[in-house]
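The values are calculated or read from the model by the stated rules, or taken from the named source; none is laboratory data. As the structure is a computational prediction, the values presented were derived from the model and not from experiment. In this analysis, Cβ positions are derived from the backbone assuming ideal geometry, glycine residues included, and neighbour counts consider all displayed protein chains.
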There are 2 protein chains.
Amino acid sequence: MPPSTLRGNAAIGQSGGPTAVINQSLVGAILALKKFASVKSILGMRHGVTGLTKSPPALVDLGKLSATRLEAIARTPSAALGSSRDKPDAPACARIVEACRTSHIRYFFYIGGNDSSDTCRIVSEVAARSGYEMRCFHIPKTVDNDLMHSDHTPGFGSAARFVATAFLADNFDNASLPGVKINVVMGRHAGFLTAAGALARFSGAKGKPLADAGPHLIYLPEVPFDTDRFIADVQQVYDRIGRCQVAVSEGIQTAEGKAVAETLIEGLDRDAHGNVQLSGVGGLGDALADLVKKRVRNKDGKAPRVRADTFGYLQRCWPDPSPVDAREARAAAAFAVSLAKAGHASGSVALVRTSDKPYKCKYKRVELADVAAKTRHLPHEFIAGHNDVTPALVKYLRPLVGNLPEFAGLQPFVR
Amino acid sequence: MPPSTLRGNAAIGQSGGPTAVINQSLVGAILALKKFASVKSILGMRHGVTGLTKSPPALVDLGKLSATRLEAIARTPSAALGSSRDKPDAPACARIVEACRTSHIRYFFYIGGNDSSDTCRIVSEVAARSGYEMRCFHIPKTVDNDLMHSDHTPGFGSAARFVATAFLADNFDNASLPGVKINVVMGRHAGFLTAAGALARFSGAKGKPLADAGPHLIYLPEVPFDTDRFIADVQQVYDRIGRCQVAVSEGIQTAEGKAVAETLIEGLDRDAHGNVQLSGVGGLGDALADLVKKRVRNKDGKAPRVRADTFGYLQRCWPDPSPVDAREARAAAAFAVSLAKAGHASGSVALVRTSDKPYKCKYKRVELADVAAKTRHLPHEFIAGHNDVTPALVKYLRPLVGNLPEFAGLQPFVR
């Protein structure tokens, strides 16, 4: 394929939930575009395509930021351009393409998850139908790790690092004041982030197993959740070690495919994509804690101490990114620019793991339609029974998350 | 006072909610006791005084742990010995003193907050009344920062560091997808931890102010909370900048002194000290978010995007301690041992700030009764109006929390 000779401006947008490293992708795209001779101005969309529907279009100049400023932005969590959850309808799409035309945007880069890649695909198709030549690329980003064709997604490793660190620290806290502790983790349809709690069973760079460490039970959206079985599971762990740390995905579903959160909490919000709002509410954890209080019993026949935490938005913005994740978020964006340079009309970027020891990853182009609005689930080989994950999952996660702190308890106790 | 010649064993206990640095105090006490010639064995109480009420007493030998192991324990959050929230009644106190007598414990060290210092005082008095000579010392620890006579308490700086970092990162997240974000912070009666959110208005080692940074509203337990005023406050900030980040203490109270959480949520647990369980439930944040959804309006007359997070137990166990806090937690314990060595019969340790630039702190002995079961509140000079804190508070907090990450957004935007 001949290198692209299409001349014009490039625009970058950020969409969906922010992550700790989505600005690495923004900066990676800016730095790569600076070296792309066909690109005149590097523009940023304020709040994704929503900014392009405004009059005048909400575009900002990204080309004059100093290297120091760019590095500071790169390490800042959140979407520096502003993000959007709007799903553009037909009139909005027409306005978006019109805005691109009037702003001479010939290269369109959209950083986001599967909903965002769908938006990118639609914009690409509307531009083509209206006879405006514009190259559209999706740069992957999601803490959910649920994009098709990728080994993993930028943003996931850092969120998984927060979750694993949280379970690790909270496990020691729970051992101090033993009881049942339920931690609710993000991930609407895919259990990767909840499963990352399993890393907390190991400590330090060498991944030394910790005795009796939680999470002792892991409930994923991929496995139907049954209340009676949940109570029996908690009772069993509690009987054995006098406490129980539970990892629960916010997206756990009943066998009928209904969100457990929805069966327990009234008045949940829905976004423009029709998704129920599961993050930013503590209800699921509290409801499960109430069940445990009512039905689990200690040896005196009393309810155990029960607490629930919902890790919430800190999962996607905590400023201690996984080093591998930060690096890959930047590299994936640079690869998208290389696709534009190489003359591709559109595409998304997939991350492919080529080696485990040492960990290596390469990038490849996939069609927008193969990623758009599709969800990858936790593979079967990573799921153990109805309440756990496999050692293969831990092996898969470790390089993505990086080293966790090395902790020690006093056990075994000596008198 | 002549140095202590009372010979016997020493016992250390940990009590109340764990912190990220309570094991620094444990290790500080162990290391100091190793150099105290009158002390034969260094014992640890399993789950505080509760362990001493068991038959046989749940005591473990702490004297043989290697230096490497001790350092690993010191950096591990949680109470390595196990903690306790039990308040011993008269028969339990008798059993505790009897256990100390049979185990030849002459030096009793208890690491905890104001409830724990009260336990220490009671044990000291029961021992004295029963004619058993035992020296009892309280080593301060609480994320609430609410002990009398101390400038601040070990454990607080690290929890405040988590809270400030969380507000800092979450503020950028909220600016990405603008809306109302309510973050509920620990602190039953004292607003120090909630107030620490104010550090998030500054970035980096030099404390550079961030434009329009949250928290925009801070609600403390020391200031009566009024629902109508809260809604008006949120509406005003939202009208001005199109979003609003709110810091709310879990312990906010009505003008009648009733916990707002209690007026909104049914079935809350109470501990042995009669305190309502406020942490480990998401209800307060969700209830406030519901109020905002019902009553705050954007310029189209619609409810804004509203989310609530309850930071929960991660505040007290997140493994990124403030360096000053880690050092002082260890030093405060060593000072308690020095009081024993010097021949004092009992006492608690207070931290006194002697200089701000450079930050310096010294330790002094206070009577157990002057700390026991008393609560220090946020001083008036740290409170601004009904929804903010003063610059003096930020100055007070900064050395205790340490440097926060340096972040940058894209503002001001340039076209």
Practice prompt. Filter the stretch B:73-96 for residues that are more than 13 Å from every other protein chain (Cβ to nearest Cβ) and in contact with a Lys or Arg (Cβ under 9 Å, 6 or more places away or on another chain) and give the result.
Written response: B:88, B:95
Discussion item. It is to be established whether one or more residues within the stretch B:21-33 are of a type in the set (A, V, I, L, M, F, W, C), surrounded by fewer than 20 Cβ atoms within 10 Å (Cβ to Cβ), over 18 Å from residue B:124 (Cα atoms) and at pLDDT below 95.
Written reply: no
Worksheet item: In this structure, is residue B:70 at the interface with chain A (Cβ under 10 Å from one of its Cβ atoms), in contact with a Gly (Cβ under 8 Å, 6 or more places away or on another chain) and under 19 Å from residue B:139 (Cβ atoms)?
Response: no
Response to the item:
With criteria (1) in a helix (DSSP H, G or I); (2) closer than 30 Å to residue B:91 by Cα, residue B:47 comes up short on (1)
Worksheet item: List, please: which pairs have Cβ atoms under 7 Å, are six or more places apart or on different chains, and start with a residue in the stretch A:120-135 that is touching a residue at least 60 places away in the same chain (Cβ under 8 Å) and end with one that is charged (D, E, K, R)?
Response: A:133/A:106; A:135/A:106
Discussion item. For the stretch B:254-274, check the following and say yes or no: at least one residue is on the phi < 0 side of the Ramachandran plot, crowded, with 20+ Cβ neighbours inside 10 Å and at pLDDT 90 or above.
Written reply: no
Worksheet entry | Conditions (1) outside the structural domain of residue A:106 (by TED's automatic domain parsing); (2) modelled with pLDDT of 95 or more; (3) more than 21 Å from the chain's Cα centre (by Cα); number of the one not met by residue A:314 | (3)
Worksheet item: From A:404, A:378, which residue is touching an Asp or Glu at 6+ places or on another chain (Cβ under 7 Å) and either within 14 Å of chain B (Cβ to nearest Cβ) or part of a loop (DSSP other than H, G, I, E, B) (or both)?
Response: A:378
Item to complete: Working only within the stretch A:45-67, note down all residues that are more than 9 Å from chain B (Cβ to nearest Cβ), hydrophobic (A, V, I, L, M, F, W, C) and more than 22 Å from residue A:85 (Cα to Cα).
Response: A:67
Worksheet item: Does at least one position in the stretch B:211-230 carry a residue that is among the β-branched types (Val, Ile, Thr) and without any contact (Cβ under 8 Å) to a residue 60 or more places away in the chain?
Response: no
Response to the item:
Just one listed residue, out of A:308, A:342, is assigned by TED's automatic domain parsing to the domain that holds residue A:191, more than 15 Å from the chain's Cα centre (by Cα) and not hydroxyl-bearing (Ser, Thr, Tyr), and it is A:308
Fill in: Neighbours by Cβ (under 9 Å, 6+ apart or cross-chain): first from the stretch A:186-204, free of Cβ contacts under 8 Å to residues at least 60 places away in the same chain; second among the acidic types (Asp, Glu) and in a loop (DSSP other than H, G, I, E, B)
A:194/A:250
Worksheet item: Being buried (at least 24 other Cβ atoms within 10 Å of the Cβ), among the polar types (S, T, N, Q) and within 14 Å of chain B (Cβ to nearest Cβ), is that true of even one residue in the stretch A:145-159?
Response: yes
Fill in: Matching option when the condition is modelled with pLDDT of 90 or more and more than 14 Å from chain A (Cβ to nearest Cβ), among B:333, B:289
B:333
Worksheet item: How about the stretch B:300-326: which of its residues are in contact (Cβ under 8 Å) with a residue 24 or more places away in the chain and more than 20 Å from residue B:166 (Cα to Cα)?
Response: B:304
Fill in: Candidates A:191, A:214 - the one that is in contact with a Cys (Cβ under 8 Å, 6 or more places away or on another chain) and crowded, with 24+ Cβ neighbours inside 10 Å
A:214
Worksheet item: Looking at the stretch B:1-41, which of its residues are under 26 Å from the mean Cα position of the chain (by Cα) and charged (D, E, K, R)?
Response: none
Worksheet, complete the sentence: Note on residue A:42: of the conditions (1) within 21 Å of residue A:135 (Cβ to Cβ); (2) free of Cβ contacts under 8 Å to residues at least 60 places away in the same chain; (3) surrounded by fewer than 22 Cβ atoms within 10 Å (Cβ to Cβ), unmet is (3)
Item to complete: Identify all residues within the stretch A:292-317 that are more than 10 Å from chain B (Cβ to nearest Cβ) and assigned to a loop (DSSP other than H, G, I, E, B); write none if there are none.
Response: A:296, A:297, A:298, A:299, A:300, A:301, A:302, A:304
Discussion item. Would you confirm whether or not the stretch A:52-64 contains a residue that is in contact with a Leu (Cβ under 8 Å, 6 or more places away or on another chain) and of a type in the set (Asp, Glu)?
Written reply: yes
Worksheet item: Has the stretch A:162-174 got any residue that is surrounded by 24 or more Cβ atoms within 10 Å (Cβ to Cβ), more than 12 Å from chain B (Cβ to nearest Cβ) and not in a loop (DSSP other than H, G, I, E, B)?
Response: no
Worksheet item: Hey, does the stretch B:52-71 have a residue that's of a type in the set (S, T, N, Q), touching a strand residue (DSSP E or B) at 6+ places or on another chain (Cβ under 6 Å) and in the same structural domain as residue B:112 (by TED's automatic domain parsing)?
Response: no
